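Here is the structure we will look at.
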Amino acid sequence: MSSRRRRATRALLATAASVIVGKGALAQATPCPVLARDSARVWAAPLDRVVTLQASGASLRTALDLVAARAQVRLSYSSDLLPLDREACVPQGAMPLGAALAALLSGLPVTPTVSGGLQVVLAPARGAVDVSEHTATLDRVVVTGTASGGAQRSLPYAIDVVQGRDQRGAAAPSLATMLNGSIPGLWIWGDSPTTLLARYGSVRGASSFGVSAPKVFVDGIELANPLLLTRISADAIERIEVIRGPQGAALYGADAISGVVNVQLRHDGASDGSRDATLRSSAGAAQSDYVSSGVFTQEHTLALRAGSAERSLGAVLGMTTTGAVVPGGSTRQFSADVSGRRVGRQTIASGTARMWVAQADSPVNPLLARIGAQVPGIGTFTPEPTQAVSQYTVGGTITHSPDEVWTNTLTVGVDGYRLSGLAVDYVPVPSALDSAMRSTRGGADKGTIRATAVRRYALSEQASATLTLLADAAMLRDGTSSTLPVSGAGPGTPPPESVRWLSTGGLSVQGGVSLRETFYLSAGLRGERNDGFTDASRFALLPALGASVVKQVGDFTWKGRVAYGAGMRPARTPVRETAWRGAGFGTIGRDLLPERQAGVEAGVDLFWKRALSLQVTRFDQRASSLIQQVPVAYGPARIETEGGEMRRAPRVGYVLTNLGAITNRGWEFALRQNVGTLSLTGTMSLVQSIVDQVAPRYAGDLRPGDRMLAVPARMSGLTLTWLPRNWQMQVGATQVADWINYDRLALSSTWLRGGAPADGLTGAALRPYWLQYGAVTRVRASVMRDLTSSLTLRLIGDNLLDRQRGEPDNVTIMSGRTFSFGIAARF
């Protein structure tokens, strides 16, 4: 391209489509005007410094940080007062810093104030209120779904965002509580406190047996095992962005078959631009039907932040303990999250380091012990070993934009974990009944590097386009092993060597076209190679297509969207071998196919002003070659009773086999409304996950037309928040209903009594043990009262209906009704 054509293109881009460094979006056709009085005003130093800006549709957060970096001042503000994710209207040209800030913050309840030296504070204006929840959803800039970030209005599929600030100090004790009921179509089972792995019941149905987990990133760094995303303090979270279904696989690659969860940690500075600290501490008691007294619980979080928005450092330390919900069972967790960011004139660099350590005692399940005590010849159960998990993440991201045309991003990171003694059951008979299945140990480390380049084009005054090129590579060392014998080899056979090296490399290209900021088209294709997996999982080609249209009539806005995507999960993954304790490991062969899912979603989003939004989505997906642990008999074992009688108990091993195909169809609804200090959020999902066909050699218990096991048909949530002066009151409820799972109490009784032959717990003989589960409703509430500007009292209640069993089966025991009292102090 000649220099003349290059200058012409840049001139056109400056008025039609440009991007600010970092999470930029397509430009607005008309830049924000600067009021004449602000431009001519004599500003006090350093607000009199001249800065040069260009029209952009970046987020307000990025725009403010870059303005401060270019003026070389320290800018401080409270994230609770500003809609930082909103698409910003950035003024164009050279102007005083004060005028630029006034234009950026027009209509918002803050005003720029000099606090001495180079410190500028966006102080609350008189009568200021929290306006962040009144931000139009379509104007929100998200970093998931596009390589460099973009306004949500152009995305052809549903993407949901959970803000960390809404969960700080509220009735959301875990990440599962944050997501359940807030993200339609996604459900994480409320497992026992002694369970250290997350267990997804549904991500728009099932894409595997028990491990339908989405692909999880923390600040763009992929987790080696997404089932370990169980505990990140809300004080460390900026927001969580979720894509459901395979539509994100063209960008994020294999194993994004169920969707993508991207946890963005906080990178803001202190509220005064210097340093501050927040301490949240609470203690209370939980009820339990299995111990004679209340169960002591405590949670403590210390959040430290220093610096300004453009140069920040933060750390969040957390500790949580839960007493013995069942005799001898307790948990202890510790977490540390550290993050930092540096905003330059053309570059934003951020770093992340985090660690999570947890231990849980694993006593005998009292429900199973009760059965065993009734059977002669069955001795006392041997408690399972203490479970222990440690998980870490470290890495960083550099985003560089040399001009208005290109945005380049590089993310490098490592995530890993070590574990021992985990007890999570994805098989019909609880592992507590078979000592060979109780010990999983080892760990994995995954290093990833991801580079993207985004090129923007101005096609005309009313049309623009983007081209995204992405390359990534990952290397995984997996050392998970189990004492479970190889299926068919009989007792006493040692497991095979299980240290493996797995590598993945992928290239993606994605294009998008915008016309009149009304019509949007996008298409993408990813080619990927996976080495160290099964042969059938080595190569993958993952396409994506989408279109959306946005129209506004007065205060009413609607958006129609449709998207297609396809994803693949290799047959061998750390998730599967960790969660399944290595069961069937010796049978992974070349004929085991990878799991695949492809399908469409279509929806309509309706908005009225910034007070009401309604999202309706219909999805239709087909998942094929799902891998199941199928029980097989490998010989009986003798049990000698006190009277000398010999009995035979079933002895079952497991092989991994492809099921065939299932269809995942359903509806998702999300409603959000704000009226003054009152806000309401509600979601509902209706899911049908049906077996469509089974493979010729499939020997499991499912048949065509059956519902997939442990996939709920209905999930819903409702949260009501009221924010009168100096108070915060919140009531939330979630309900999961109508699923089929094994009657594991009956299976345990059959096992312990030796009342079935070896083949009585395999294949079609398991079908009589299917049980229809009803509904489990959980209610939580919190009340907070500000005593001073720096001290708040908190009262939190969880599981107020005291539901202690029934999710996801009838042998899992959970904490009962829990009340805790605490304080939040700011320094």
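The values are calculated or read from the model by the stated rules, or taken from the named source; none is laboratory data. Small disclaimer: the values here were computed from a predicted structure and weren't measured. Neighbour counts are summed over all protein chains in view; Cβ atoms, including those assigned to glycine, are modelled from backbone coordinates with ideal geometry. With ligands, DNA and RNA removed, areas are computed over all heavy atoms of the protein, side chains included. Shrake-Rupley method; radii C 1.70, N 1.55, O 1.52, S 1.80 Å.
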* What are the pairs, 6+ residues apart or on separate chains, where a residue within region 800-827 that is more than 24 Å from ARG280 (Cβ to Cβ) and among the polar types (S, T, N, Q) has its Cβ under 6 Å from a residue that is part of a loop (DSSP other than H, G, I, E, B) and open to solvent by 60 Å² or more (accessible area, probe 1.4 Å)? -> GLN804/ASP289
* **All positions within region 699-732 that are surrounded by 19 or more Cβ atoms within 10 Å (Cβ to Cβ) and either among the β-branched types (Val, Ile, Thr) or part of a loop (DSSP other than H, G, I, E, B) (or both)** => GLY700, ASP701, LEU702, MET708, LEU709, ALA710, VAL711, PRO712, THR719, THR721
* Asked: Which numbered condition trips up ALA100, out of (1) of a type outside the set (D, E, K, R); (2) assigned to a strand (DSSP E or B); (3) buried (at least 24 other Cβ atoms within 10 Å of the Cβ)?
  -> (2)
* Would you check which residues across region 532-562 are outside any strand (DSSP E or B) and of a type in the set (S, T, N, Q) and list them? => THR534, SER537
* Scan region 677-698 for residues that are of a type in the set (Ser, Thr, Tyr) and closer than 18 Å to PRO594 by Cβ and report the count. => 1
* Count - residues of region 532-555 that are farther than 15 Å from ARG153 by Cβ and open to solvent by 50 Å² or more (accessible area, probe 1.4 Å) -> 8
* Go through region 525-556 residue by residue and tally those that are in contact (Cβ under 8 Å) with a residue 40 or more places away in the chain and within 17 Å of ALA471 (Cα to Cα). => 8
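Among the residues of region 803-827, write down those that are open to solvent by 40 Å² or more (accessible area, probe 1.4 Å) and within 30 Å of VAL291 (Cα to Cα). If you could, list the steps in order and put the result at the bottom.
Of region 803-827, the ones open to solvent by 40 Å² or more (accessible area, probe 1.4 Å) are 803, 805, 817, 819, 821, 823, 826-827.
Matches in region 803-827: ARG803, ARG805, ARG817, PHE819, PHE821, ILE823.
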* **Test: VAL694 is in contact with a strand residue (DSSP E or B) (Cβ under 9 Å, 6 or more places away or on another chain), open to solvent by less than 30 Å² (accessible area, probe 1.4 Å) and either hydrophobic (A, V, I, L, M, F, W, C) or without any contact (Cβ under 8 Å) to a residue 60 or more places away in the chain (or both)** => no
* Those residues that are closer than 16 Å to SER308 by Cα and part of a loop (DSSP other than H, G, I, E, B), I need them from region 103-119; list them, please. => SER115, GLY116, GLY117, LEU118
* Subset tally (residues that are outside any loop (DSSP other than H, G, I, E, B) and open to solvent by 10 Å² or more (accessible area, probe 1.4 Å)) for region 196-216 -> 2
* To do: Scan SER308, SER274 and give me the residue that is open to solvent by less than 10 Å² (accessible area, probe 1.4 Å) and polar (S, T, N, Q).
  => SER308
* **The one condition in (1) over 25 Å from SER274 (Cβ atoms); (2) at pLDDT 75 or above that ALA44 fails to fulfil** => (1)
* Asked: Taking region 337-359 as the region of interest, how many residues are open to solvent by 20 Å² or more (accessible area, probe 1.4 Å), farther than 16 Å from ASP268 by Cα and within 23 Å of the chain's Cα centre (by Cα)?
  -> 3
* Structure fact -> If you go through VAL429, VAL424, the only one that is open to solvent by less than 30 Å² (accessible area, probe 1.4 Å), modelled with pLDDT under 70, of a type in the set (Val, Ile, Thr) and under 30 Å from ASN741 (Cα atoms) is VAL424
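Tell me, please, whether a residue that is among the charged types (D, E, K, R) and modelled with pLDDT of 95 or more can be found in region 750-760. Give the steps one after another, and end with the answer.
To start, the set of residues in region 750-760 that are among the charged types (D, E, K, R) comprises 753, 759.
Filter again for modelled with pLDDT of 95 or more, leaving none.
So far as region 750-760 goes, no, none of its residues is among the charged types (D, E, K, R) and modelled with pLDDT of 95 or more.
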* Pair list, Cβ < 8 Å and 6+ apart or interchain, from region 739-750 residues that are within 21 Å of TRP187 (Cβ to Cβ) to residues that are among the small types (Gly, Ala, Ser) and assigned to a loop (DSSP other than H, G, I, E, B) -> TRP739/ALA710; TRP739/ALA713; ILE740/ALA710; ASN741/ALA710
* Structure fact -> A careful count of residues in region 447-466 that are more than 30 Å from the chain's Cα centre (by Cα) and either polar (S, T, N, Q) or over 13 Å from GLY511 (Cα atoms) (or both) gives 7
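Please pick out the residue among LEU745, LEU771 that is surrounded by fewer than 20 Cβ atoms within 10 Å (Cβ to Cβ), modelled with pLDDT under 90 and either part of a loop (DSSP other than H, G, I, E, B) or more than 25 Å from the chain's Cα centre (by Cα) (or both).
Numbers: LEU771 fails: modelled with pLDDT under 90.
After ruling out the rest, the residue left standing is LEU745.
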